[in-house]
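What follows is a set of notes on a single structure, which appears directly below.
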Amino acid sequence: MIDTSFWQRLGLGWLLMIVAMAVLWEVQRRHGKAGIVDILWAVGVGALAVMFAMSGPGYPPRRLLIGLLAGGWSLRLTSYLLVRVLGMSEDGRYEKMKQEWGERAQTYMFAFFQMQAFWSVLFAAPMLVASGNAAAPLNGWDAAGVAVFAIAVLGESTADRQLQAFRTRASNKGNVCRDGLWRYSRHPNYFFEWLHWWAYVLIGWQAPHGWATLFGPAVMLFFLFKITGIPPTEANALRSRGDAYRDYQRTTSVFFPWPPKAASGRTTTTA
């Protein structure tokens, strides 16, 4: 059985996120940018992870490592989202949601923000489990976790940078990015984000109930394929890029990086 303090810390984290998301909902209601929920999600998961690492019963150097990794991940993602969300008009996904919800948009949006609060706690839970790993000293499992983390952050940063560079060129407007990592995966940023969660599996595997850290990458994969990631992103791309994106779908792996298939013969102006 997982001890009572585990559930107490998890509950406290959820309460903090409930309050934070309620405040942020009011901000978006006044300013019309629901995309800021993504920013708070990234901040929230990182902050909860640091809080869980500080209060965990595991080996102190490992708890420090978990806090540094999760905090660094959160800082990078938050910085990227701040530039994207605050520098652009409302995200197409959220604009579509508001249109579909009509007069009840803000009521449903409040529920959506609170759902994000719950998800923040779910995704921070693997770090809480990992913080209970008391094995000393740091070992090969920890080194492997750091290596996976480094690869994931480098890959996601590279994908984000390549996409941003593509978008800044006016000649690419309406075209499909196939630069760099985007040649091998339609969503390399999502792939490396998912890979990042395996770092906590490796670091926390020797903790009591360490198998529960698998929850992180498993749920992230489900969310990316079924809820907030790939489906709305691809639907929006099909609306804006049409046949060019359909050709991209035919030739390029949806998630795991893989050499592209031969082009279908349709000519598309892409990088």
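General observations
- Subset of the range 192-203 (residues that are farther than 14 Å from Phe123 by Cα and more than 10 Å from the chain's Cα centre (by Cα)): Leu202, Ile203
- Test: residue in the range 56-63 that is charged (D, E, K, R), farther than 16 Å from Ala212 by Cβ, surrounded by fewer than 19 Cβ atoms within 10 Å (Cβ to Cβ) and in contact (Cβ under 8 Å) with a residue 12 or more places away in the chain: no
- Scanning the range 124-147 for residues being assigned to a helix (DSSP H, G or I), touching a residue at least 24 places away in the same chain (Cβ under 8 Å) and farther than 10 Å from Gly56 by Cα gives a total of 8.
- Total residues in the range 56-107, condition farther than 30 Å from Ala135 by Cα and either of a type in the set (Lys, Arg) or over 22 Å from the mean Cα position of the chain (by Cα) (or both): 13
- In the set Val23, Val45, only one residue is surrounded by fewer than 20 Cβ atoms within 10 Å (Cβ to Cβ), out of contact with any Pro (no Cβ under 8 Å at 6 or more places or on another chain) and either of a type in the set (Lys, Arg) or modelled with pLDDT of 95 or more (or both); that residue is Val23.
- Answer residue from the range 173-202, given it is more than 16 Å from Pro257 (Cβ to Cβ) and in contact with a Ser or Thr (Cβ under 8 Å, 6 or more places away or on another chain) and is surrounded by the fewest Cβ atoms within 10 Å (Cβ to Cβ) among those: Gly174
- Answer residue from the range 64-120, given it is of a type in the set (Ser, Thr, Tyr) and in a helix (DSSP H, G or I) and is nearest to Ile39 (Cα to Cα) among those: Thr78
- Extreme residue, surrounded by the fewest Cβ atoms within 10 Å (Cβ to Cβ), among residues of the range 85-106 that are small (Gly, Ala, Ser) and at pLDDT 90 or above: Gly102
- Note on the range 7-26: residues that are over 17 Å from Gly56 (Cα atoms) and more than 22 Å from the chain's Cα centre (by Cα) amount to 1.
- Taken over the range 172-183, the criterion of being outside any loop (DSSP other than H, G, I, E, B) and modelled with pLDDT of 90 or more is satisfied by Gly180, Leu181, Trp182, Arg183.
- Subset of the range 235-266 (residues that are at pLDDT 90 or above and of a type in the set (S, T, N, Q)): Gln249, Thr251, Thr252, Ser253
- Of all the numbered requirements in (1) closer than 22 Å to Gln206 by Cβ; (2) charged (D, E, K, R); (3) not in a helix (DSSP H, G or I), Lys33 misses one, and that requirement is (1).
The values are calculated or read from the model by the stated rules, or taken from the named source; none is laboratory data. What you see is a predicted model, and the numbers here were worked out from it, not measured in a lab. Using ideal geometry, Cβ is built from the backbone for each residue, glycine included, and neighbour counts are taken over all protein chains shown.
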